[in-house]
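Take a look at the structure set out below.
The values are calculated or read from the model by the stated rules, or taken from the named source; none is laboratory data. Here the structure is a predicted model, which is why all the values come from computation and not from measurement. In this analysis, Cβ positions are derived from the backbone assuming ideal geometry, glycine residues included, and neighbour counts consider all displayed protein chains. Each accessible area value is taken on the protein alone, full model and side chains, heavy atoms only, with ligands, DNA and RNA left out. Shrake-Rupley method; radii C 1.70, N 1.55, O 1.52, S 1.80 Å.
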There are 2 protein chains.
Amino acid sequence: MAQQHLDPTDPAAGVVTGDALAGYLRAQATEFLRALRLHRENGAACGPEESVDAARALRRSARRISGSLHTFRPLLDSDWSEEIRPELAWLSGTLGLEHAYEARLERLLLALHRLSGSTAFPGQTGGSAGAGRSAGATASGGTGPAVPTPAVPERGNLTVGAAKAGALLERQLTLARTRAHSSALQALGSSRFHAVADKVAVLASEVPLTPAAPTTDLRPHAAAAQERLTDAIATLPLVTAGHPYNAEALIHGLSPDPAPHPQDGPWHQVRLLLRLHRYAREVLHGSGAPVDVRLLAAGQALNRHRDASEAAAAAAQAARTPRIAPATAYALGVLHADQRHEVEAARFTFQQSWQKQTVSAP
Amino acid sequence: MAQQHLDPTDPAAGVVTGDALAGYLRAQATEFLRALRLHRENGAACGPEESVDAARALRRSARRISGSLHTFRPLLDSDWSEEIRPELAWLSGTLGLEHAYEARLERLLLALHRLSGSTAFPGQTGGSAGAGRSAGATASGGTGPAVPTPAVPERGNLTVGAAKAGALLERQLTLARTRAHSSALQALGSSRFHAVADKVAVLASEVPLTPAAPTTDLRPHAAAAQERLTDAIATLPLVTAGHPYNAEALIHGLSPDPAPHPQDGPWHQVRLLLRLHRYAREVLHGSGAPVDVRLLAAGQALNRHRDASEAAAAAAQAARTPRIAPATAYALGVLHADQRHEVEAARFTFQQSWQKQTVSAP
């Protein structure tokens, strides 16, 4: 099921050593600093869009540095590594929340419009409402480069229950987003952040490799990261996921547990491992890394899985608001089920893309 | 898309004339009378199960007589034909309602259990909850021979919202069923029914064929019935239906229109035309008709489509009950969406089964 499509132990591929890792880390650290400068310059002066772009670039390099430190741990000074990794995770998490709430609200409002049979979204250029969602073509809203950000649709042409549900979600998620925004600003001004930024600035010129690292082969470590991924994928219920309309994702849809569905956990885990595998490939290939369409499609499916899972939880959470009207609760129930089916659809897409075995050079 | 898998104009097949039609109608009329006798004998003395079986057998032959009169209209005395057909439709409709409400309630309660992650149904012999629904394996609750009828599950292990939703549906659908039961009893005792029964009794011995009918070839009429079916199937959105998770069925899921989804209409129509085609095949082949698995699977998918469509409407209708709790409304929203996804799954199954072109002798 989980085929070796990239074989880092292939002797035909040239040896890649710790020097390449150092080069990669320096480049990512430089990206980080550039994004930070951009964020500071744009923060107050420019619109929120530039600020969002800069924050995304910051997170992008923070994740890559952190991921590489994890995968190639034995090649790096362990004290330094263990100190900076949780700080990068904290930063990336704090900066990501605002965008996550915004994307979640947008996803839920678009779904409410689709469920109301309303096709007219501001910012959308025609097309049928059905085109907004299909097994493979949905925007993932995650790490992909081409995330379309249509304006949040108006609630004007929604039906009463859907309109009230939309207003409730907008209130709750906007509040959460505002809080996340404040937290991010606070974090960026904190001494904790300055300490991380200083460490990354040092990394941009001087990578704390172990003495043996410059001549150590990176490929066994990359292979181990890939193995962790394929092992995790092997535990996923892919046979079920490959049967359309298996109705697995909505099981526990009415369970009293407000926590996200435990069945989603292994998929989220695979999403993270896939990311680590992708970063390890970047380290090995440098900037000339060939695009692996299968990895890309699989990653997008898992992003969509995560987004839909969290959107479904937000709808269920909103339905627990005291004193809401039955029509509002009904609309939120339909919305929750719709997003859980998006979860199921994303699993199906992942299964399909993963089965398409590609053979690419390491 | 709509392939000729049965070609009644195939010269290799022997000519089938109006005599075969007369034989078929006599046999169905005899079945009708037998079921009626059974129903009268069991009505008061035996359990409701025998009564249900007898009513089902009555409807079964009423549909076949009515369908054959329609398909082979030019071979039959038109006055007689036009008089008896609406009466048979009235009878079949009146007798079918009670069972329909019962099956609908059962479907909805089973779904509520599945959605609550509850696996223990009285009458079910183990297995995972997920096994209860898959694209191809779901009981259709229609005309298929192997419809499992588990006891209606208890509401004991449902969560609060789901339990209340279940209680509400049980109250509403049980009331509807009771009314349908009274109507059916009233109908069976009415002079209108006795007139139909008398006509069918005459039909059992004497079929009012036109003078030319005994030597008229039936096959062009059967071919026309098949053509009406394939034409109707050609208008279905089968390309969309063949893409899993296309999310079409839930569009208008939150629309204010309480009427069943208009998009379901063409599918219901195909269901009826498929039935007429099947009956025409029975007339042509007599009791030795080979079972066409493709027709069977397609018919089961369309039955499931109809059942899920009506169950979804019942859940939406129940959510309009005044003064229900938000948790109840939420559960009904999840349930509605779940059944609309069943509708979508049934369309996918139909598309899959229809694409499997089979070549069978006419």
Under 30 Å Cα to Cα from B:K164, which lysines show up? Leave out anything in the same chain fewer than 8 places away.
A:K164
In terms of the charge dipole of the range A:237-289, which places +1 on Lys and Arg and -1 on Asp and Glu at the beta carbon, the residue among A:A241, A:G288, A:L276 farthest towards the positive end is A:G288
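For A:H70, B:H181, give me the order by solvent-accessible area with a 1.4 Å probe, most accessible first, ignoring ligands, DNA and RNA.
On the way: A:H70 45, B:H181 75 Å².
The most accessible residue leads, giving B:H181, A:H70.
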What order do you get for B:225-237, B:338-350, B:184-196 when each peptide is scored by the mean count of other beta carbon atoms within 10 Å, highest first?
B:338-350, B:225-237, B:184-196
Average the reciprocal distances over every distinct pair of alpha-carbons in the range A:185-228, invert the result, and give the Kirkwood radius in Å.
13.3
For A:T17, residues with placed amide H under 5 Å, excluding near neighbours
A:L218
Alpha carbon Rg of the range A:69-111, scaled by the compact-globule rule 2.2 N^0.38 Å
1.77
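For a protection proxy built on the mean count of beta-carbon atoms within 10 angstrom, sort A:201-211, B:168-178 highest first, please.
Working: A:201-211: 15.0, B:168-178: 16.8.
In descending order of packing, they fall as B:168-178, A:201-211.
Give me Rg over Rh for the range B:232-345, both radii from the alpha carbons and Rh done the Kirkwood way, two decimal places. Walk me through the intermediate numbers first.
Working: Rg = 17.1 Å, Rh = 15.8 Å.
For the range B:232-345, the value is 1.08.
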Among B:P322, B:T216, B:H341, whose Cα lies farthest out toward the positive end of the dipole of the range B:216-362, if unit charges sit on the beta carbon of Lys, Arg (+1) and Asp, Glu (-1)?
B:T216
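If the viscosity is 1.002 mPa s and the temperature 20 °C, what Stokes-Einstein diffusion coefficient in µm²/s follows for the range B:150-248 when Rh is the Kirkwood radius over Cα pairs? Let's see the in-between values first.
On the way: Rh = 20.2 Å.
Calculated translational D: 106 µm²/s.
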Based on alpha-carbon centroids, what's the gap between the range A:174-194 and the range A:269-341 in Å, whole number please?
23
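Students often check this: by mean Cβ neighbours within 10 Å, which of B:304-317, A:88-101 ranks highest, and how do the rest follow?
Numbers: B:304-317: 23.7, A:88-101: 19.2.
Averaged packing, sorted descending, gives the order B:304-317, A:88-101.
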Inter-copy spacing of A:L175 label points, which lie 7 Å from Cα along Cα→Cβ, given in nm from shortest upward:
3.7
Inter-label distance, nm, simple model (7 Å from Cα along the C-beta direction), A:D231/A:V293
3.2
B:K356: which aspartates and glutamates have alpha carbons under 17 Å from its alpha carbon, excluding same-chain residues fewer than 8 sequence positions away?
B:D7, B:D292
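For the range B:234-348, with only Lys/Arg (+1) and Asp/Glu (-1) charged at the beta-carbon, what is the dipole magnitude about the Cα centre, in debye rounded to 20? Mind dumping the intermediate values first?
Values: 11 positive and 10 negative charges, 39 e Å.
Rounded to the nearest 20 debye, it is 180 debye.
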